[in-house]
Each structure stands twice: as C-alpha cells, then as structure tokens.
Amino acid sequence: MSLELEKSVPQTPKKRTFSQKKKNIVSGYLFISPFYLLFLIFGLFPIGFSFYLAFFSWNGLGAMDFVGLNNFVIIFNDPLFWKSVYNTIVIGVMGTAPQLIVGILLAFALNSVLIKSKSLFRVAIFLPYVTSIVAVAIVFSVLFSNQEFGLVNSILSIFGIEPITWTRSEWGTKVAISAMVFWRWLGYNTIIYLAGMQAIPNDLYEASKIDGATLRQQIWHITIPLLKPFILFTVFTSTIGALQLFAEPHIFQGRGGRPEGITVVVYLYREAFDSNFFGTASATAIALFFLIIIISALNMYFTNRLGNSSKVGSK
Amino acid sequence: MKQNKNEEIGIKKFSLSKLLVYTMLIGISLVSLFPFYWMFVMATNSNNMINKTPPVVIPGPFFKENFEKVLDSIPFFGSMLNSLIVASSVTLGVIVLCSLAGFAFAKLEFPGRNILFLFILGTMMIPPQLGLIPQYFIITELGWLSQLKAVIIPGLMNAFGIFWMRQYIASGVHDEIIEAARIDGCSNFRIYWNIVIPMVLPAFATLGIIVFMTIWGDYMWPLVVLQDQSMHTIQVALRSLMDDRVRDYGMILSGTFWATVPLIIVFLLFNRLFIKSITDGAVKS
C-alpha cells in the first residue's frame, strides 16, 4: 500500500483509488456478510420452508404428506382459529387504543412548563417498561386472580360486584390481558410522544394563545398534526406487537390455554408444540403474516387520514 | 422567578387545570408503581395470609421463606445466569457485527450497497413467527436444543442494529478522518477498530441497552428451544412457577420480585441514559 502511495500521489491518483476501491468492495461485502449468512440460515430458509410446510401434513418425525391447501381448509374451518383472530383483534384494540390516547395526554402534561419534578414522573411512568413481559403477566395474573381474595375482585366487592373468574370469563380474560399490555407499554409510548412534543417550538403555542386558542384547540390543531410521525410510529409498532401477543395469554391462562384468551400466536404455538401439527401451524403462521399486513395497512391508512383531516381543519 | 416564566410561556395559567394535570400525573404514577409494591407485599407474605379476605396490603415476615421455596422449585440463580450469559453475549455480538456492517454501509462503496441495505430494512417487517417452526427444526438438526447458543446465535441477526449503526456512523464519523487514516496506510478493518469504534460509543450504549432488554425479556423463542430446566432463562423459569395446581402466590411473586429487582436497580441508576436510548432508538427509525 505504501508503495502505491508514493507512485500515486503525484501522477496517477486513479490507480490508488482503484485499488482502494477494490479493497473497499472486498471489505464491504466481508463486513456485511455475517448478517446475510445468519439471515440465510435463520431467516430466509425457515420462512421459505414455512410456506412449503403449509402444504404438507407433518408431525415432526415421520414423512411429510403433500395435502395441498388442506391445512388452510382445516384452520379456516376451525372455530378456535377464528376465535383466536377475534381475541387478538379485540385485545389489541382494548390494550393499545386507550394506551395511545392516555399516552398523548400524559406526554402533553409532562411537556407543560408548569409541572415540577418531571423527571420523577417520567421515571415512575417508564418503570413498567423495564419489567419483563413474563413478570408483568405473572403479577397481573395474581392481581386478577379468580379467587374472592384476589385484589381486583376484592376491590370490586366493595362496589358490590360478585367475584369474577377472570381466566374463564369471556370479557374478564380480555380485560386482564389488555390491562397488562396497557400497563407495560403506556410509559414507553408516552416517552416517545414526549420526545415528539419537545421538538415542537413553543412559539406555535404562544401564537395560538394570542389568537385565543383553547387548550383543546391547541392539542387538536398544533400538537396532534405535528406529532403525526410519532403517532404513526407508535400505532405501527403497537399494532404489530398486539397481533403477535403471546406471553401474556400463555401465562395468564396457563399452558393449556383457553378459548377466551387464545391469540393467533398461542394457537400457532399449540398446533406446533403441543399437538405436533406442524403443517397447520405453518399455515397459521402464513395466515398471521397476511393478517399483520392487512391490519397494519388499514391502520396506517386511517391514522394517516386522521392527521390530514385535522391539518385541513386548522387552516 | 419561576412564576414570571410561567406567566410568559405557560400553556395553562389556571391553577385548576394545573391541579388536574398533577392529579392525573400522580394517579398514573401510582398505577405504574403499585404493582411493584404489591409484588413486594405478596413476596413477603405466606400463602395463608394471602388467601384471606380482605387481602393483605402491607409487607409481612415471610421474605426469606418465600425465596427459599423459589430456590427449591426452580434453579433461580442458574436461570438468572443463563439469562445474563445469553443477553450479554447477544448484546456484545450485535454491537460488533452491526457496527461493522453499519460502517460498511455508511463509508465503503460496493456494488449493490443500497439494495442490500434496503433488503436489511425489509427484513425488519417480517414477523418472527413466520419462520418459527422451521427454525426450531434447524436448531434440532444442529443439535443445539437446550443449549444457550440456540438463543445466542440467531439473536446476532439484528437488522435494526445495522440500520442504527449505519445512520450514526454516516453522520458521526467524517470522511476526512477515514481518508487521513487511509493515507497513513490503515486497512478498512483497522479504521473500523481504531477510529470508528471510539467515535460511536454513545450509539453502542443505546443499541446495547435496547438489545439487552429485548433478549433479557424474550420469552417465546427460549421457551421453544431451551427445554431442559437447567438451561431455562429466567423468563421461562418464572413461568414454570405458575405450573403447580395449587399456586403459592407468595413464592411465585418472590421469584418474580427477585428476577425484576436487578433490572430495576440498573434502570434507576442509569434512568436518563435508559430513557434516552429507548426514545432515540424508536424516534430515529
């Protein structure tokens, strides 16, 4: 290399850059290769094989039998599959929609200049996110215990409400699981909104105040439109997270699971690792993949419109 | 002084709305903190005391006994160690591999660079469950079932990390420095090792925290591939506390408490860095 340098600097810079170019190409490919290698083995191949396996009947040990679309027919005719789709969507909406709304309000409060000890509130609200999902699911399983002495049931009894068998009731299960999601992720989303709000210049609020805008008008016409990229991000990530819900129901209702709380991923897990129906489990994985695409697209479409319409309104 | 400032740039000036905001913040903070307190209350009470109406709301004397029951029931410290090994190895590996790839994407010219980078971004859209079943069989074929590397090796594949490091290196490391090092005869790897790494340590902290937290809390994949009890991560081990037909809540929450405390302490010590890391990681993507 030093030899090249002597030659190249005065007369032929092209030669040096060329050989450096070659070196860059080689090291470039070398440096990025670990990802592609890992992705080939643990990403691309398994995904391709999932699509393949979805057309076969296989118990994991014996021969694979080609069954065409039969796996899809089986799961689409299984009421439990549709139940799992329904549960996933209901829990997803119940767990995330209130969370995002409260998150925005909370961030707005934390962003207000009048509030003291902000960092203390920030830490308190963020703390649940540091807790692992399993720990959250266990703590809430005990909070929402079926027994009379469970804390939530005790509180309800003050209002004269009979104890609820949370793990076996249609709405009880969904409320408990949504509460876990809400509690763990509220702080995370609040902090993201807060970061977005801190980027909004204060002049805008001042100017609107001079124009006589109320607090609600400020939120709706300044904060929300300018926060749109952040809202899109949180809606996108929470949607995907909600559709992949697994640990919470799997822990709350125990290993066997129950129809009230079964989600698509729990259904997939049970098909594969409890029943050894790897074909139908793969078909479920593919159905989930398309479900995620469809719901994310719908969600992004509507969230995008929400931002636009309020922008139009502010003009 | 504070008062004057409020007059000028305050969003709300009425003390009623201020009161409302404080009430909301304090209320939500209590909701956030209560489960931790309650976890401690349960962890210090015997099952007999818990199974009473009205429920216990103050800490009891069974702190030690409950944890001893946890130790009888699961290999608690072994599982914590497994989690620590897995999360640390993945974090370290991801930091090195992703910064190396990020450096290549940010500073080295090679054919197909943009397409290859877009491809990596695209892989972030794939739900992890899509390949779950074949992944399980690959791990079986490799003979890695119930070995920690079954979690560590696939964990090294981190598209977000590459994206994150590329963005940071592209703006944080100037081309002149790299050019100067080249004139001094540095190879690309040497440039990465001696020049890029010292300059991107803040990005390492952010990525490291995010990766560590994700791997530490991961549940489904370790549950699938780490089947021997001795190889459980703490998350899988905690869940098995729930298996008994008659649940000993004091014991269960004692385990959960002790598995949660270390992370909480680390978070409280570095809460600014933590919160900043999580926000940056989310916002900048």
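Per-peptide packing, taken as the mean over residues of other Cβ atoms within 10 Å, places A:196-202, B:202-208 in the sequence B:202-208, A:196-202 from highest down. Taking 0.692 mPa s as the viscosity and 37 °C as the temperature, the Stokes-Einstein diffusion coefficient of the range B:55-123 based on its alpha-carbon Kirkwood radius rounds to 197 µm²/s.
For residue B:64, a cut-off of 15 angstrom between C-alpha atoms picks up these aspartates and glutamates, skipping any fewer than 8 places away in its own chain: B:72, B:248. Can you give the FRET efficiency for residue B:146 and residue B:20, using 1/(1 + (r/R0)^6), R0 = 60 Å, r = Cβ-Cβ distance, to the nearest 0.05? Efficiency, from the Cβ-Cβ distance: 0.65.
For chain A, the fraction of C-alpha pairs more than 34 angstrom apart is 46%. Remark: accessible area buried at the B-A interface is about 9200 Å², both chains counted, probe radius 1.4 Å. Computed over the protein assembly as shown, the alpha-carbon pair-distance distribution with 20 angstrom bins reads 18, 48, 29, 5, 0, each value a whole percent. Placing dummy labels 7 Å off each Cα toward the beta-carbon, the span from residue B:88 to residue B:199 is 3.1 nm.
Per-residue mean of foreign Cβ neighbours for B:31-39 is 6 (Cβ atoms of other chains, 10 Å radius). The alpha carbon centroids of the range B:168-214 and the range A:73-98 are separated by 45 Å.
Taking all C-alpha pairs of the range A:146-192, those more than 13 Å from each other amount to 62 percent.
Once the Cα atoms of helix B:159-172 and of chain B are each reduced to a long axis, what angle between those two axes, in degrees from 0 to 90 to the nearest 10, is obtained? For helix B:159-172, the angle is close to 50 degrees. What residues of the range A:95-111 lie in the reach of a label at residue A:214, counting those whose backbone N is under 18 Å from a point 7 Å from the Cα along Cα→Cβ? The answer is A:105. Annotation for the range A:83-124: trypsin sites (Lys or Arg not before Pro) lying in DSSP loop with at most 13 further Cβ atoms inside 10 Å of their Cβ are A:116.
Divide the volume of the convex hull around the Cα atoms of the range B:74-243 by the residue count and you get 133 Å³ per residue. Largest mean-square fluctuation among A:209, A:228, A:23, in a Gaussian network model of chain A whose springs join Cα atoms under 10 Å apart, belongs to A:23. The residues of the protein assembly as shown have, on average, 46 Å² of accessible surface per residue, using a 1.4 Å probe with all protein chains present. Adding -39500 (n - 2.57) for every DSSP H run of four residues or longer, then dividing by how many residues chain A holds, sets the calculated 222 nm ellipticity at -23500 deg cm²/dmol. Report the label-to-label distance for residue B:268 and residue A:161 in nanometres (one decimal), using points 7 Å from each Cα along the Cα→Cβ vector. Simple spin-label model gives 3.2 nm for this pair. Along its principal axes, the range A:113-180 has C-alpha extents of 44, 28, 19 angstrom, given from the largest down. With a 10 Å cut-off around each Cβ of A:112-124, the average count of Cβ atoms from other chains is 6. Measuring heavy-atom accessible area with a 1.4 angstrom probe and counting protein chains only, the residues of the range B:81-123 that give up at least 50 Å² relative to the chain alone are B:110, B:119. Highest mean packing comes first when the peptides A:124-130, A:264-270 are listed by Cβ atoms within 10 Å, giving A:264-270, A:124-130.
Compared with the alpha-carbon gap, the fully stretched path from residue B:71 to residue B:170 is longer by 30.7 nm at 0.36 nm per residue. Could you check which residue among A:68, A:187, A:241 shows the biggest mean-square fluctuation in a GNM of chain A with a 10 Å Cα cutoff? Highest fluctuation of the listed residues: A:68.
The values are calculated or read from the model by the stated rules, or taken from the named source; none is laboratory data. Treat the numbers as computed from the prediction; the structure is a model and nothing was measured. Don't worry about glycine lacking a Cβ; one is built from the backbone with ideal geometry, like all the others, and counts go over all protein chains shown. The area values use the complete protein model at the heavy-atom level, side chains included, leaving out ligands, DNA and RNA. Shrake-Rupley method; radii C 1.70, N 1.55, O 1.52, S 1.80 Å.
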